[in-house]
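Q: Next up is a structure, given as structure tokens.
The values are calculated or read from the model by the stated rules, or taken from the named source; none is laboratory data. No experiment lies behind these values; they were computed from the predicted model shown. All Cβ positions, glycine included, derive from the backbone under ideal geometry; neighbour counts span all protein chains shown. Heavy atoms of the whole protein, side chains included, go into the accessibility calculation; ligands, DNA and RNA do not. Shrake-Rupley method; radii C 1.70, N 1.55, O 1.52, S 1.80 Å.
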Amino acid sequence: MDQPTAEAALRELEPLVGEWKVEMVPPGGEPLDGGARTVFEWHDSRAHLIQRSTVEVPEAPNGVSIIGCDGAARTYFQLYSDDRGVCRVYEMSIGDGEWRLWRDGEPFAQRFIGRFEDGGRTIRGRWELAEGGGEFRTDFDLIYRKVG
């Protein structure tokens, strides 16, 4: 029996690969000065993308994520953890100039929508959350700018 490979689905992740300077903007506020950086790099197997984020703002955690896919279903998942001890699983999609992450569950539902701009050198996105089944509200905006 032929098994579909993940090659095409993994190729869709390529626009994320590299180092990014990240600017965080709270709702109605000024950008936080925190020297945030994110690096996306392929695991040695090239079957997973590793995301490492560092932030020099005390209220924002450093994190590590592993992004993978189901090659047959062309679905993506992100396993997230941070230095607060938080671990979450997000569903993910990427393509047509957008990168999306989402999860339902306690203590709140979350979603991120980022749009690639400037020939893929900028990702402008927003994290939103909804508590207790309520309406989504902006948590914070992120602007990723590719370094180099």
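Q: What full-extension length gain, to one decimal in nm, is calculated for R115 and E59 as 0.36 nm per residue of separation minus the Cα-Cα distance?
A: Extending this stretch completely gives an extra 17.6 nm.
Q: Can I ask one more? So with the 1.4 Å probe, I'd like the accessible area per residue for the chain, rounded to whole Å².
A: Per residue, the chain has an accessible area of 59 Å².
Q: Let me ask something additional. Using a 1.4 Å probe on the protein chains only, how many percent of the accessible area of segment 62-148 belongs to carbon and sulfur?
A: 48
Q: Just to confirm the filter: which GluC sites (Glu not before Pro) across segment 21-67 are DSSP coil and have at most 14 other Cβ within 10 angstrom of their Cβ?
A: Counting only loop positions with at most 14 other Cβ atoms within 10 Å, the GluC sites (Glu not before Pro) in segment 21-67 are E56, E59.
Q: I would also like to ask the following. Counting only protein heavy atoms and a 1.4 Å probe, tell me what percentage of segment 7-59's accessible area is made up of carbon and sulfur.
A: 49
Q: Between F140 and L79, what's the calculated FRET efficiency when r is the beta-carbon distance and R0 is 30 Å? Round to 0.05.
A: 0.90
Q: May I ask you to list the residues of segment 106-141 whose amide nitrogen lies under 14 Å from a point 7 Å from Cα along the Cα→beta-carbon direction of V147?
A: From segment 106-141, the list is empty.
Q: While we're on this one: Could you put K21, K146 in order of accessible surface area, largest first, with the 1.4 Å probe and the full protein assembly present?
A: The ranking, largest first, comes out as K21, K146.
Q: Could you compute the FRET efficiency for V17 and V86, with r as their C-beta to C-beta distance and R0 at 30 Å, rounded to 0.05?
A: Taking R0 as 30 Å, the efficiency between V17 and V86 is 0.75.
Q: Based solely on its DSSP helices, what 222 nm [θ] is calculated for the chain when runs of n ≥ 4 H residues each add -39,500 (n - 2.57) and the sum is averaged over all residues, nearest 500 deg cm²/dmol?
A: -500 deg cm²/dmol
Q: Just one of [x] 10.4; [y] 9.7; [z] 12.7 is mean projected area of the Cα convex hull in nm² as worked out from the coordinates here. Which one is it?
A: Read-out from the structure maps to [x].
Q: How much length, in nm to one decimal, is gained on full extension between W102 and V25, taken as 0.36 nm per residue of separation minus their Cα-Cα distance?
A: Fully extending the segment from W102 to V25 adds 25.8 nm.
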